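S.K.: I'd like to ask you about the structure that follows.
Where a number appears in this text, it was derived from the coordinates with a stated rule and is not lab data. Fair warning: this is a prediction, and the values are worked out from it, not measured in the lab. Reconstructed Cβ throughout: ideal geometry from the backbone, glycine too, with neighbour counts over all protein chains shown.
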Amino acid sequence: MASVLVVEDDPVIRTALIEALGAHGHTVRTTAYGFEALREITEGAPDVVVLDLGLPDLGGLDVLRMARGVSRVPILVATARDDDAEIIRLLNSGADDYLVKPYSAGQLAARIAAVLRRSQAASGPVARRDVLRVADLTIDRTARTAHLAGAELVLTRREFDLLAYLAEHADQVLSRKRILTEVWRQPYLEEPTIDVHLSALRRKLGERAARPRYLHTVRGIGIKLVSTP
Ligand code: CA
């Protein structure tokens, strides 16, 4: 069972997918729009995305590339073309797999199961590691200590949790909503709550919002810790 985001503007296909995926025990969210899909990917954190390439507002390939900028979620792309050039382009743009329209519900379910197996196998050891190293930062989650270029950072509990979470997801833009949900465990808090802790963290890392090294704010989307400051 997984949470599946279906990005598809054809209402007939959308309804069919909701039924087919529901029958396999998946929970399904849908949208017809690329921008909405990007928001869902960052805020809803689905387990897998099924992305139609022909969308009304954004090119599906653009959605794919932008999604890759913010998330490692497995993405299955549904395309009407099955020529070699198209498939190569999709895989090179960050698709984990593809489906050629029209595809059967059985094939979709099997491909979803396959990408989920791969992503769970890939994230397993990562989830268990206790020491994160990102450029000059070393974060020991067992000892709850953080060092920058060998010097210990004196952090509050929230600052430590925020830094560890951002480092664990280095180079991904994380929405404030997602951070409130996964670090604070309080998604209903006001999003600016984070900014107070973020600016304290910046100060301790010796950087400023106007000239960031590690901690970058991506306007309107969220926050990212970069691995190549
Ligand atoms: Ca379409």
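S.K.: Where the Cα atoms of segment 1-123 are projected onto their three principal axes, how long is each span, largest first, in whole Å?
M.R.: Answer, in whole Å and largest first: 34, 33, 27 Å.
S.K.: May I ask you to sort VAL28, VAL196, VAL4 by Cβ crowding, counting other Cβ atoms within 10 Å and putting the fewest first?
M.R.: By the 10 Å Cβ count, ascending: VAL196, VAL28, VAL4.
S.K.: Can you give me the long-range amide H partners of VAL48? Hydrogens built in the peptide plane at 1.01 Å from N, cutoff under 5 Å, separation of 5 or more residues or another chain.
M.R.: Answer set, sorted by chain and number: SER3, LEU5.
S.K.: Give the lysines whose C-alpha is closer than 19 Å to that of LYS177, dropping any in the same chain fewer than 8 places away, or say none.
M.R.: LYS224
S.K.: Could you tally the net charge around ALA16, taking each other residue with its Cβ under 14 Å from the Cβ of ALA16, Lys/Arg +1 and Asp/Glu -1?
M.R.: -3
S.K.: Please list, by residue number, every one of the chymotrypsin sites (Phe, Trp or Tyr not before Pro) in segment 121-229 that is coil in DSSP and has at most 14 other beta-carbon atoms within 10 Å.
M.R.: Answer by residue number: TYR188.
S.K.: Something else: When we measure straight from the Cα of LYS204, which aspartates and glutamates land under 16 angstrom away, once same-chain ones fewer than 8 places off are left out?
M.R.: LYS204 reaches ASP136, GLU152, GLU159, ASP161, ASP195.
S.K.: Count neighbours as other Cβ atoms within 10 Å of each site's Cβ, and list the trypsin sites (Lys or Arg not before Pro) in segment 5-107 that are DSSP loop with at most 16 such neighbours.
M.R.: Counting only loop positions with at most 16 other Cβ atoms within 10 Å, the trypsin sites (Lys or Arg not before Pro) in segment 5-107 are ARG72, ARG81.
S.K.: In debye, nearest 20: dipole of segment 3-123 around its Cα centre with unit charges on the Cβ of K, R (+) and D, E (-)?
M.R.: Value, rounded to 20: 400 debye.
S.K.: Figure the gain on full extension for SER199 and ALA114 (residue separation times 0.36 nm, minus the Cα-Cα span) and round it to one decimal in nm.
M.R.: So the chain would gain 26.5 nm between SER199 and ALA114.
S.K.: Still on this structure: For segment 131-225, what is the per residue volume of the convex hull drawn over the alpha-carbon atoms, in cubic angstrom?
M.R.: Dividing the Cα hull volume of segment 131-225 by its residues yields 90 Å³.
S.K.: Going by alpha carbons, how many degrees (0 to 90, nearest 10) lie between the helix axis of 105-128 and the longest principal axis of the chain?
M.R.: 10 degrees
S.K.: Here's something else I'd like to know. With each pseudo-label sitting 7 Å past Cα toward Cβ, what's the ARG144-ARG219 distance in nm, one decimal?
M.R.: The modelled label-to-label distance comes out at 3.8 nm.
S.K.: Wrap a convex hull around the Cα atoms of the chain, take a quarter of its surface area, and give that in square nanometres.
M.R.: 13.4 nm²
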